[in-house]
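Working notes for the structure below.
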Amino acid sequence: MHENAKLDEARYFYTRMCQEAGNKLPFCYNLSAFLSAARSVLQYALEEAMCGNKQCWYDQHMKKCKTLTFFKDRRDFNIHAAPVEVLQRVCAEVQFSWSVLLSESVQVHGSTSPDSSEETEKQALPSRPTPQPVQYSFQEWSGHEDVLTLCTTYLQELEEIVDEGMRLGILTA
């Protein structure tokens with residue numbers, strides 16, 4: 001029913017999180033709003049699935065996607081217990097130069113820097129600079145992904161659920 005509107009809202013807050021990646025408080029405020037908007041997508045989907053006697057479809061998605069359950073729990077904790085906390089890691093590029101004087105006419109200079117990896121983002125999501133100078137992670141997440149990577153995965157899973165639900169006639173526009 002309103003799943004696409006909440007998906008758009010979650011994308012908006014994801015964009016704000018990317019823009020505020022270097023500022024922990026605004027990042028956390030936008031993460032809180034993202035958690036609520038994204039969770040609403042599933043709540044609306046559950047309500048529609050229950051009305052159509054298709055709750056098993058919803059339950060199957062929740063069981064097979066670890067990210068869905070994790071974010072549901074993070075949102076519930078954020079609303080009912082305490083503001084969600086993230087670990088902050090500052091990433092710094094270290095460069096150094098060295099030179100060796102072998103004779104009066106030969107000098108060697110070199111520098112090294114860590115390789116940067118590029119993330120592939122879904123078209124609807126904004127690209128974010130890589131490498132991030134500041135990265136956030138959830139202490140409770142067992143994987144190696146940072147918060148923004150997990151949010152991207154979560155949004156993609158939500159989009160797939162909404163698309164499938166509409167295709168199957170379980171969800172309405």
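The values are calculated or read from the model by the stated rules, or taken from the named source; none is laboratory data. Note that this is a predicted model, so its numbers are computed, not measured. Using ideal geometry, Cβ is built from the backbone for each residue, glycine included, and neighbour counts are taken over all protein chains shown.
For this structure, a couple of remarks:
- Taken over the range 26-47, the criterion of being among the charged types (D, E, K, R) and surrounded by 20 or more Cβ atoms within 10 Å (Cβ to Cβ) is satisfied by R39 alone.
- Meets criteria (in contact (Cβ under 8 Å) with a residue 60 or more places away in the chain and either closer than 14 Å to T172 by Cβ or out of contact with any His (no Cβ under 6 Å at 6 or more places or on another chain) (or both)) for A45: yes
- Selection from the range 1-55 of residues that are of a type outside the set (D, E, K, R), out of contact with any strand residue (DSSP E or B) (no Cβ under 6 Å at 6 or more places or on another chain) and outside any helix (DSSP H, G or I): M1, H2, N23, G52, N53
Listed here are the residues, each with its yes/no results for (1) more than 19 Å from N30 (Cβ to Cβ); (2) modelled with pLDDT under 90; (3) not hydrophobic (A, V, I, L, M, F, W, C).
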{"position": "A124", "(1), (2), (3)": "no, yes, no"}
{"position": "S127", "(1), (2), (3)": "no, yes, yes"}
{"position": "T130", "(1), (2), (3)": "yes, yes, yes"}
{"position": "Q135", "(1), (2), (3)": "no, yes, yes"}
{"position": "D146", "(1), (2), (3)": "no, no, yes"}
{"position": "E157", "(1), (2), (3)": "yes, no, yes"}
{"position": "I161", "(1), (2), (3)": "yes, no, no"}
{"position": "G165", "(1), (2), (3)": "yes, no, yes"}
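- When restricted to residues that are aromatic (F, W, Y) and part of a helix (DSSP H, G or I), the range 139-165 contains 1.
- Every residue from the range 8-40 that is hydrophobic (A, V, I, L, M, F, W, C), modelled with pLDDT of 95 or more and over 12 Å from the mean Cα position of the chain (by Cα): A33, A37
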